[in-house]
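Read the structure below first, then the notes.
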Amino acid sequence: MSRSFVFAACQLEITSSKTENIKRAKESIDRAVAQGAQVVSLPECWNAPYAPSAFAVYAETVSELTIGEAPSLIALSEKAREHGIFLIGGSIPERDKKDGKLYNTCFVFDPQGKVLGKYRKVHLVDISIPGRGLFLESEYLSAGNELLAFDTPWGKIGLGICYDLRFPELARLYQQLGVIMMVYPGAFTFRNGKAHWKLHLRTRAVDYQIFVAGVAPALDVTFSYHSWAHSLIAGPCGTVLA
């Protein structure tokens, strides 16, 4: 088994146009591959603004692991196959074809463009902070209940999404599955990200002696939701590698 590979975290600037977001994602993947990337990840909610009102509007309907006519997923499948890479599709709002529920979901594609699996965000953000408002993701999204660790020539990679990063038990379960790396597409708020994003990523790496990547959308001050951004990759000693 080869011991090293090139991982790319694509920190996209998200717009209100899904078509434009898909275009930007494809271009970012192309640039990453041109620099030698073999495993590429997009950020959380890359095809839509991160807003409760946007989840249902931008959601793509999927049945199990069949992407059907979902435009965002078709684009990722094509890019994975074109470049022969493992592509971690950040996350998109997913509408389950069976029951219509909405999930915050990451699809992973192999070098042939086939769906390796999907991970639905497990821990939803339900918070009420005096003087700073109320935010209940569970009013708009349903929680997932399964892990996804996928095999590569370099070892297994596990997935979490955003708030999942705050729960060391989840990373512990993945460690028991033998992962060498955790990837967390995540759009931490500006305030929380400044305080905890880098700390959590480095801590998970040290706790479980694995590589950890946080892949965030870029900050756009014109949106109501301000992402902290600052994508990074940490090594098993907690060292920030990129």
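Data table
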| item | result |
| --- | --- |
| Segment SER63-THR222, extension gain: residue separation times 0.36 nm, minus the distance between their alpha carbons | 53.8 nm |
| Relative contact order (percent, whole number), region 1-51, Cα cutoff 8 Å, 6+ residue spacing | 54 percent |
| Sparse-neighbourhood loop sites, GluC sites (Glu not before Pro) in region 1-67 - DSSP loop, at most 11 other Cβ within 10 angstrom | GLU64 |
| Probe 1.4 Å, protein heavy atoms only - accessible area per residue of the chain in square angstrom | 45 Å² |
| Kyte-Doolittle mean at least -1.0, axial Cα span of 15 Å or more - DSSP H helices of the chain | 71-83, 198-208 |
| Two-site FRET efficiency, LYS97 against GLU139, from Cβ-Cβ distance with R₀ of 25 Å, rounded to 0.05 | 0.70 |
| Computed [θ] at 222 nm, helices only, for the chain once each DSSP H run of length n ≥ 4 contributes -39500 (n - 2.57) | -7000 deg cm²/dmol |
| Fraction of beta bridges assigned by DSSP in the chain that are antiparallel (%, nearest 5) | 60 percent |
| Where only alpha carbons of region 194-242 are counted, the Rg and the Dmax (Å) | 12.0, 38 |
| Expected-Rg normalisation [2.2 N^0.38 Å, Cα atoms] applied to the chain | 0.93 |
| Fluctuation leader among LYS98, LYS156, LYS26 - the chain, Gaussian network, Cα springs under 10 angstrom | LYS98 |
| Carbon plus sulfur fraction of accessible area for region 52-152, probe 1.4 Å, in percent | 49 percent |
| Taking the chain and dividing mean pair separation by its residue count, relative contact order in percent (alpha carbons under 8 Å, at least six apart) | 17 percent |
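The values are calculated or read from the model by the stated rules, or taken from the named source; none is laboratory data. Since this is a predicted model, take the numbers as computed values, not measurements. Cβ atoms come from the backbone with ideal geometry, glycine included; neighbour counts cover every protein chain shown. Just so you know, the surface numbers come from the protein's heavy atoms only, side chains and all, with ligands and any DNA or RNA stripped out. Shrake-Rupley method; radii C 1.70, N 1.55, O 1.52, S 1.80 Å.
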